[in-house]
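This report concerns only the one structure given below.
The values are calculated or read from the model by the stated rules, or taken from the named source; none is laboratory data. Note that the structure is a prediction, hence the values are computed from the model and not measured. Cβ atoms come from the backbone with ideal geometry, glycine included; neighbour counts cover every protein chain shown. With ligands, DNA and RNA removed, areas are computed over all heavy atoms of the protein, side chains included. Shrake-Rupley method; radii C 1.70, N 1.55, O 1.52, S 1.80 Å.
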Amino acid sequence: MAQQASDDLRFVVAIDLGTTYSCYAFSPIKDQGRDSIFMNRDWTNDDGVRTSKTPTCLLLKSDLSFDSFGYEAVQKYTGHQDKCRKGGYLFFQHFKMALHSDETINTETTIKASNGQLVKAKTVIATSINFLKKEALKVIRTQTGDISANDILWVLTVPAIWTPRAKQFMREVAYEAGLGSPDNPNQVLIALEPEAIFCLTKDMSTFKSEPGCISVKRQVFSQPNTHFMVVDIGGTTLDVTVHAFKEDGAIKEIHKVTGSHYGGIYVNQRFESLLEELFGAQELQTYRKQFPSHWLRLMSEFESKKRGERILDDTAMINIRLPRSFVRLVNQTRSPAMARYGEKEVKLEDEEYLSLSSGMMKKLFTPVMESIKKHLKTLLKKPQLSEVKTIFLVGGFADSVLLQNEIEREFSKGFRVLIPNCVSLAVVHGAVIFGKEPSKITEIVVGTTYGANCARDFIPGVYPEEKKFSADGIEKCGGLFNLFVKQNAVVRIREKTVTSKYTLLRATDTEINFSFYASTNPDAKYITDPGMTKLGSVMDTSPDTWRGKDREIEVSMYFGGTEITATARDISSGNVCSNHP
């Protein structure tokens, strides 16, 4: 259960491990306001350019020990290409996508390195977080002297549409990385990225296309019951949440989290498809295998160009620098598509650049932008969102000037579209404030159905025969789903949401295991029904066997905002066991 930061914790550190780029921010717990939030030191790429975020790229040695992360990993990977192919080094990029797509993610889930070798996802992600943890500690120590990971409240940001299983996986990864522990779970908070933004809203000072912070704060942030939509578009996902300010300044959720896989990475995939069309799919596949580091450099070049303003100029050609090895491939294999498009759309410039017209670049964005707009339009038509007048656009992909313009063009007539000047850093800044004030958000709309397993007296004709078993001579039906919270229910955060009392099946039982489930079907009856996912379990002890079966276990679920805490309490002995299922 999320709690206010303990008095003995000195700093809040938020880590934003993104699909494409990563960063961290921190603040002394006792200092308040946006001015007390500090970013990591700027990272420097191989061209000497300093950036606030570093690529989410990891390089491991052959024994899976850490070598480097970010720009350094990219540079080393480029210099050790042969060793990487032979397994001397293992390079990982975009590995966070495994948590988006794998519905059954667990400690055995694997991620493929650039050379095809499989490594456990837990190892890859924990090693990356551990690096960012150590970097944060280094920076804080330069200001405060001695400080350890145990003096810090750690906040990890995750997409709002992630499954409960993926969020729990991130908590386990955090423990593996040295952030908190199962014995001290409150030292780690999992923050939904768009909800972190809501914690930041009143501290936002400057926006693009706005006259200044005074009018925004007076007209938007100071009005109770003002409804907001946060549109968080990152490398892989679109997350949309809707909240409102209450009279007391707290925040309540108006609609459950929605979204899908509409992120910036899908523009990159469209660019890859264009290259295959221009130069041949088989040739591109061979090139990726022979020159993986050069391919990485080419895609990094495209990543930077897709965010720029030049794409808005209808007469401009956007030049994408090509590695020399790619130029040789181009000279050998030009498909008829090059001629079909014509030099006004696609051309090779000085055997150094692939030049794409502004229109061609925009076509790469079209599918994902249309999907984003369609999702938002459908959502905004819902009656419960009729009072939404303000849209916040944030996230890594929202750094794209083209995407910003398209959202403003589509929605600015009916809504006030606010885009923070540091749009890609808004999530990590908000996560720091979330760590300081997790109680800012007081109500949420549950996006799925939650419950636990149970057994009841068997009723012939009602329950299936295959679920019948005997306990102390009484026929029971097992595997039933005991509903705790139904999808779309409004629950208050950090309060005991639902309590259900269980009795023991057998008089001699001293340990009772409760398994918790999430279901996409709000009317599910059995834990084996389609759409059912096991989240975790809690084991409680009930030692007073002299009471026989006349012992009750109180099972409760608490919603801490992003996560759920399940608690089982044996009423007779007072034994309590909790877990983040």
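Pairs to check: 252/486; 96/246; 30/133; 53/436; 363/413. Give those whose C-alpha atoms are more than 26 Å from each other in this structure. Long pairs (Cα-Cα over 26 Å): 96/246.
Would you calculate a helix-derived [θ] at 222 nm for the chain, using -39,500 (n - 2.57) for each DSSP H run of n ≥ 4 and dividing by the full residue count, to the nearest 500?
Calculated mean residue ellipticity at 222 nm is -8500 deg cm²/dmol.
Less than 5 angstrom separates the built amide H of residue 241 from those of 230, 232, all sequence-distant by 5 or more or on a different chain. To the nearest 10 degrees, how steeply does helix 265-279 sit against the main Cα axis of the chain, on a 0 to 90 scale? Helix 265-279 sits at roughly 40 degrees to that axis.
Using a 1.4 Å probe on the protein chains only, how many percent of the accessible area of the chain belongs to carbon and sulfur?
Details: 11520 of 24820 Å².
Of all accessible area on the chain, carbon and sulfur atoms account for 46 percent.
Dipole magnitude of the chain about its Cα centre, charges +1 at Lys/Arg Cβ and -1 at Asp/Glu Cβ only, in debye to the nearest 20? Walk me through the numbers on the way to the answer.
Working: 73 positive and 70 negative charges, 171 e Å.
The calculation lands at about 820 debye.
In the chain, taking the dipole from charged Cβ atoms about the Cα centre, the farthest positive-side position among 258, 174, 271 is held by 271.
Treating each Cα of segment 317-419 as an identical point scatterer and summing with the Debye formula, the log10 of I(q)/I(0) at q = 0.14, 0.17, 0.20, 0.24 Å⁻¹ comes to -0.70, -0.85, -1.01, -1.28.
In order along segment 177-193, the Karplus-derived 3J(HN,Hα) couplings, from 6.51 cos²θ - 1.76 cosθ + 1.60 at θ = phi - 60°, round to 7, x, 9, x, 6, x, 7, 9, x, 6, 7, 10, 10, 9, 10, 5, 4 Hz, and Gly and Pro are given as x. Rounded to the nearest 10 degrees, what's the angle between the helix 292-305 long axis and the longest principal axis of the chain, both from Cα atoms, 0 to 90? Value to nearest ten degrees: 90. Using only side-chain charges placed at the Cβ, +1 for Lys and Arg and -1 for Asp and Glu, the dipole size of segment 387-523 relative to its Cα centre rounds to 400 debye.
Got a sec? Charge dipole of the chain, +1 on Cβ for Lys and Arg, -1 for Asp and Glu; which of 187, 280, 565 is way out at the positive end? With unit charges placed on the Cβ atoms, the residue in question is 280.
Mind ranking 90-97, 520-527 by how tightly packed they are, going by the mean number of other C-beta atoms within 10 angstrom, highest first?
On the way: 90-97: 22.2, 520-527: 15.4.
The peptides rank, most packed first, as 90-97, 520-527.
Sort 50-57, 231-238, 549-556 by packing, meaning the average of other beta carbons within 10 Å per residue, with the highest value first. Please list the in-between numbers first.
Values: 50-57: 20.1, 231-238: 25.8, 549-556: 18.0.
In descending order of packing, they fall as 231-238, 50-57, 549-556.
On a per residue basis, the chain carries 43 Å² of accessible surface, using protein heavy atoms and a 1.4 Å probe.
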